[in-house]
Amino acid sequence: MGFLNGSASFVRFSVEGDLPENFWDFAAERITAFSFKDIDETYDEFSIGWVSVQNMFDSDFQFASYASGDYVTLSLRIDERKVAPAILKKFAQKEEERIKKEKQIPKIGRTMKIEIRERIQSELMKKAAPVPAVYDLCWNLSDSTLLFFTTNRKAHTLLEDLFKETFGLLIAQQIPYYMAERLLDEDDTQRLAAITPDIFV
Amino acid sequence: MDLVDLIAEKRFIGQEFLTWLWWKSEERGGSVELPGQGDVTVVFEKHMLLEYGEGESSEKCICSGLQSELKEARTGLVMGKKLEQARIQVAQNDYEWNFTMAAAVMEFRNVKLPKTGAAQEGGNSPEEIEGLILERIFLFEELVRLVQALFRMFLEVRVSNSWKDELVKIRSWVHTRGQMT
């Protein structure tokens, strides 16, 4: 559920800094440069990039589909190969048993156990299908704010990094205190900085 | 100060806002007058999460039920807890939103947008899709604008000298509500 249909969850960010001149040309080039690259046919463990909000398989953005009026709408797609800890444990133990039998030894040393675990993890990782996650965003260019449609903290951090790499701009989550600084004048902001929690009973 | 520390130190601002908004909405029977904009319907419903204390010593209390039955939440207020999450209905003009606000970081969760004609008709042409996107953006931003206007209203009282008087009224409401349960 994103911002295109159904109910949605979101947080607000402010976008810090000035937009470059010829913003749409700049955006076209940068979004393409940081578009999502599929890892289904590779052994890569992780891939992150931009796709169209309408279609997670569209990373070509024909006709600048990310432009809607004075807004940029994009989806952040993250594909990651993961191996569940229980699966890794099972196959590592299975391999230990096989080696014990093969070498006729009663016990496997710590170093060897680690080696086995790493080898099995790498083998399982190659077999695992990348798990996709897609999060929508909507950037209001005229008031430099951005709605990001997830409350997942890890995704917030990944967005901050990719946004900076793509557009060279920092974003800051609008927690109540930052929001208050924007809503109040200078005197009131100073008073706000000094207030402490009050008891409502 | 980094963001994590700032959230921890200032989380009370969002929580006090949400608690104030609950009082404010009940003060006039589910309606708040926004300066220069007229009345906005603000109704707290179904689900609330209250919090007391910080870090490891914090206590949480989840309450859900019909609006009139949020007895535990009201008792929680009397015990000094503050609202951390609440399901709220906000309406202005012909638009009505339902959403859960997580106060400490001001997250909008499970936002249900007003029903509109365009959204129901749909369409597949690029113009129709762009129209739908722009309408959804407008409705999300309109909700943010309303919440910001309410937040500004709270902040202006909170940093002013009249906060003491407001606090007296809120405390009286908390006690009256507590006695009703």
Please indicate, with yes or no, whether at least one residue in region B:9-30 is surrounded by fewer than 14 Cβ atoms within 10 Å (Cβ to Cβ) and of a type in the set (G, A, S).
yes
Which pairs have Cβ atoms under 9 Å, sit 6 or more apart or on different chains, and link a residue in region B:128-151 that is on the phi < 0 side of the Ramachandran plot and within 7 Å of chain A (Cβ to nearest Cβ) to one that is of a type in the set (K, R) and surrounded by fewer than 20 Cβ atoms within 10 Å (Cβ to Cβ)?
B:Q148/A:R182
Is there a residue in region B:23-34 that is at pLDDT 90 or above, part of a strand (DSSP E or B) and of a type in the set (G, A, S)?
yes
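Every residue in region B:7-22 that is more than 7 Å from every other protein chain (Cβ to nearest Cβ) and either touching a residue at least 40 places away in the same chain (Cβ under 8 Å) or of a type in the set (G, A, S) (or both), please. Let's see the steps before the verdict.
Keep residues of region B:7-22 that are more than 7 Å from every other protein chain (Cβ to nearest Cβ), which gives B:8-9, B:11, B:15, B:18, B:20-22.
Hits for region B:7-22 are B:A8, B:R11, B:Q15, B:L18, B:W20, B:L21, B:W22.
Of these, A:L158, A:L192, A:L147, which one is touching a residue at least 60 places away in the same chain (Cβ under 8 Å) and either more than 24 Å from A:T32 (Cβ to Cβ) or surrounded by fewer than 17 Cβ atoms within 10 Å (Cβ to Cβ) (or both)?
Values: A:L192 fails: touching a residue at least 60 places away in the same chain (Cβ under 8 Å); A:L147 fails: either more than 24 Å from A:T32 (Cβ to Cβ) or surrounded by fewer than 17 Cβ atoms within 10 Å (Cβ to Cβ) (or both).
The conditions single out A:L158.
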Which residue pairs have Cβ atoms under 9 Å apart, sit 6 or more places apart or on different chains, and have a first residue in region A:1-28 that is under 27 Å from A:P176 (Cα atoms) and away from every other protein chain (no Cβ under 14 Å) and a second that is in a loop (DSSP other than H, G, I, E, B) and not small (G, A, S)?
A:V15/A:L141; A:V15/A:L169; A:G17/A:L169; A:D18/A:L169; A:L19/A:L141; A:L19/A:L169
Screening A:S65, A:S75 for residues that are in contact with a Leu (Cβ under 9 Å, 6 or more places away or on another chain) and within 14 Å of chain B (Cβ to nearest Cβ) leaves only A:S75
Whichever residue in region A:167-189 is more than 9 Å from every other protein chain (Cβ to nearest Cβ) and surrounded by 18 or more Cβ atoms within 10 Å (Cβ to Cβ) and, among such residues, is nearest to A:S9 (Cα to Cα)
A:I171
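Taking the condition of being under 19 Å from the mean Cα position of the chain (by Cα), of a type outside the set (K, R) and part of a loop (DSSP other than H, G, I, E, B), how many residues in region A:60-82 meet it? Working first, answer last.
To start, the set of residues in region A:60-82 that are under 19 Å from the mean Cα position of the chain (by Cα) comprises A:66, A:72-82.
Checking which are of a type outside the set (K, R) leaves us with A:66, A:72-76, A:78-80.
The next check asks that each one be part of a loop (DSSP other than H, G, I, E, B); those that pass are A:66.
Total satisfying the criteria: 1.
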Qualifying residues in region A:12-32 (those that are closer than 13 Å to A:K164 by Cα and of a type in the set (A, V, I, L, M)) - the one surrounded by the fewest Cβ atoms within 10 Å (Cβ to Cβ):
A:L19
Is it the case, given these coordinates, that B:F138 is of a type outside the set (S, T, N, Q) and in contact with a Phe, Trp or Tyr (Cβ under 7 Å, 6 or more places away or on another chain)?
no
Give me the residue from region A:127-144 that is charged (D, E, K, R) and not in a helix (DSSP H, G or I) and, out of that set, surrounded by the most Cβ atoms within 10 Å (Cβ to Cβ).
A:D136
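Quick one: is A:V72 modelled with pLDDT of 90 or more, among the hydrophobic types (A, V, I, L, M, F, W, C) and surrounded by fewer than 17 Cβ atoms within 10 Å (Cβ to Cβ)?
Working: modelled with pLDDT of 90 or more: yes; among the hydrophobic types (A, V, I, L, M, F, W, C): yes; surrounded by fewer than 17 Cβ atoms within 10 Å (Cβ to Cβ): no.
Criteria not met by A:V72.
The values are calculated or read from the model by the stated rules, or taken from the named source; none is laboratory data. Just so it is clear, the model here is predicted, and its values are computed rather than measured. Every residue, glycine among them, receives a Cβ derived from its backbone with ideal geometry; neighbour counts consider all protein chains shown.
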